[in-house]
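Here is the structure we will look at.
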């Protein structure tokens, strides 16, 4: 495709390709971060209710720390994770997307909109190819804007709602302790594989 365009336009498109790749990588990173919201609930080694208990053995009396309830999740570590998500979201919307639009406007494709090119085994025009690419980039930005950043309390409640019911052979006392902390549950990643294949075709055409 590039060989069908003037050298100056080719150079501009190489620059646009780099900007597109950067924006797509940021979009993927943001998705991956959001999908990690359950994994980022970091257990602390001991709960505030832990007590020192004496135990006797053949080697004498000793003390060890025994938690009175299940470990709690670290809200401080989760706060840092949310800040990371916010920074990636802000970079995609406020930096990467404006940079892409600037590079696109300087590519000089207006004169070649009707030029017929071949890629992916089919004939199309520069205008149609660029419209597909622009749709993809706009989609990434819209998705980033629509994302609600994770919140510690909300994520804990969401995890609790997805927790499977305890088995019947667990005592009532054990069940009460288990309910004080959400259990790990399967994640539900965003399904963008189909759209990702379409974007890959657009990027390969550059």
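For residue 10, indicate whether it is in a helix (DSSP H, G or I) and at pLDDT below 80. Against the criterion (in a helix (DSSP H, G or I) and at pLDDT below 80), residue 10 does not qualify.
Among the numbered conditions (1) over 30 Å from residue 33 (Cα atoms); (2) out of contact with any helix residue (DSSP H, G or I) (no Cβ under 9 Å at 6 or more places or on another chain), the only one that residue 106 does not meet is (2). What do you reckon, is residue 16 within 34 Å of the chain's Cα centre (by Cα) and modelled with pLDDT of 85 or more? Answer is yes for this residue.
Screening the range 115-128 for residues that are touching a helix residue (DSSP H, G or I) at 6+ places or on another chain (Cβ under 8 Å) and in a strand (DSSP E or B) and picking the one that is surrounded by the most Cβ atoms within 10 Å (Cβ to Cβ) gives 117. For the range 68-88, taking the residues that are more than 15 Å from residue 152 (Cβ to Cβ) and touching a strand residue (DSSP E or B) at 6+ places or on another chain (Cβ under 8 Å), the one that is modelled with the lowest pLDDT is identified as 68.
A single entry from 202, 131, 144 fulfils the requirement of being in contact with a helix residue (DSSP H, G or I) (Cβ under 7 Å, 6 or more places away or on another chain), modelled with pLDDT of 85 or more and outside any loop (DSSP other than H, G, I, E, B): 144.
The values are calculated or read from the model by the stated rules, or taken from the named source; none is laboratory data. Quick caveat: nothing in here was measured; it's all calculated off a predicted structure. Neighbour counts run over all protein chains shown; Cβ positions are idealised from the backbone, glycine included.
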